[in-house]
Amino acid sequence: MDGPSGAGKSSYAATLGLPVVPTDHFATWEDPVAWWPRLVHGVIEPLLRGEPGRYRRMDWSGGVPVLGAEVLVEPTDTLVVEGVSSGRRAASRWLSQLVWVDAPDSLERAVRRDGEASRANLVRWKEFERGWFAVDRTRERADLVWCPQTLVG
């Protein structure tokens, strides 16, 4: 489940009743997408073998992201990977469905979610993700595009 920051991906994923691994557990302001091998080696490959996946999530509680607690992902038939770059072209072989979530005013929604102190980082992030999505053509490859009129959260 991919789409711009603040579009409502996490809210939508939470309604599905399925295990979710958020890319927010991996990405940082300085490393928006290069963390992907941690997800592949720690979660996707073990799950494909029928084994539990594991990864250490980013802990932002001190204001600066550091590797935090380990997260265990039990084997499952369906796993939702949710967040910016989760539908990247390089992941296509593992995706059974790519959902694109988009909403107007996603920057303001992200600021409301993360706080006004995050605005400058979110503006830079938005610039990055626009370029990323244009090159990756994520939305164009989506099986489903979800653009809710009203989002909660």
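The values are calculated or read from the model by the stated rules, or taken from the named source; none is laboratory data. Owing to the predicted nature of the structure, the values given are computational and were not obtained by experimental measurement. Neighbour counts are summed over all protein chains in view; Cβ atoms, including those assigned to glycine, are modelled from backbone coordinates with ideal geometry.
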One residue is enough: does the range 24-47 have a residue meeting the conditions of a type in the set (D, E, K, R) and either within 9 Å of the chain's Cα centre (by Cα) or at positive phi (or both)?
yes
Which ones in the range 72-91 are among the polar types (S, T, N, Q) and within 15 Å of the chain's Cα centre (by Cα)?
Ser85, Ser86
I'd like the full set of residues that are in contact with an Asp or Glu (Cβ under 9 Å, 6 or more places away or on another chain) and either at pLDDT 95 or above or among the acidic types (Asp, Glu) (or both), limited to the range 19-44.
Pro19, Val20, Val21, Pro22, Thr23, Asp24
Among Val73, Val66, Val43, the single one that is over 19 Å from Arg141 (Cβ atoms) and without any contact (Cβ under 8 Å) to a residue 12 or more places away in the chain is Val66
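Results for (1) in contact with a Gly (Cβ under 7 Å, 6 or more places away or on another chain); (2) over 19 Å from Arg124 (Cβ atoms); (3) of a type outside the set (D, E, K, R), shown as yes or no for each residue.
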position	(1), (2), (3)
Ser5	no, no, yes
Ala13	no, yes, yes
Asp31	no, no, no
Trp35	no, no, yes
Val40	no, yes, yes
Glu45	no, yes, no
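Kindly indicate which of Gly8, Gly62, Gly50 is buried (at least 18 other Cβ atoms within 10 Å of the Cβ) and of a type in the set (Gly, Ala, Ser). Explain how you work it out, then say what you get.
Details: Gly62 fails: buried (at least 18 other Cβ atoms within 10 Å of the Cβ); Gly50 fails: buried (at least 18 other Cβ atoms within 10 Å of the Cβ).
Just a single option satisfies the conditions, and that option is Gly8.
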Any idea which of (1) of a type in the set (A, V, I, L, M, F, W, C); (2) out of contact with any Pro (no Cβ under 6 Å at 6 or more places or on another chain); (3) in a helix (DSSP H, G or I); (4) surrounded by 12 or more Cβ atoms within 10 Å (Cβ to Cβ) is the one Phe128 doesn't satisfy?
(2)
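Under the condition of being outside any helix (DSSP H, G or I) and over 13 Å from Gly3 (Cβ atoms), which residue from the range 101-125 is modelled with the lowest pLDDT?
Narrowing the range 101-125 to residues outside any helix (DSSP H, G or I): 101-105, 115.
Those still in the list that are over 13 Å from Gly3 (Cβ atoms) too: 105, 115.
Working: Asp105: 76, Gly115: 88.
Residue satisfying both the conditions and the ranking: Asp105.
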Can you tell me which residue in the range 82-113 is surrounded by the fewest Cβ atoms within 10 Å (Cβ to Cβ), limited to those that are touching a helix residue (DSSP H, G or I) at 6+ places or on another chain (Cβ under 7 Å) and among the basic types (Lys, Arg)?
Arg89
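Is it fair to say Arg141 is in contact (Cβ under 8 Å) with a residue 40 or more places away in the chain and surrounded by 12 or more Cβ atoms within 10 Å (Cβ to Cβ)?
Numbers: in contact (Cβ under 8 Å) with a residue 40 or more places away in the chain: yes; surrounded by 12 or more Cβ atoms within 10 Å (Cβ to Cβ): yes.
Criteria met by Arg141.
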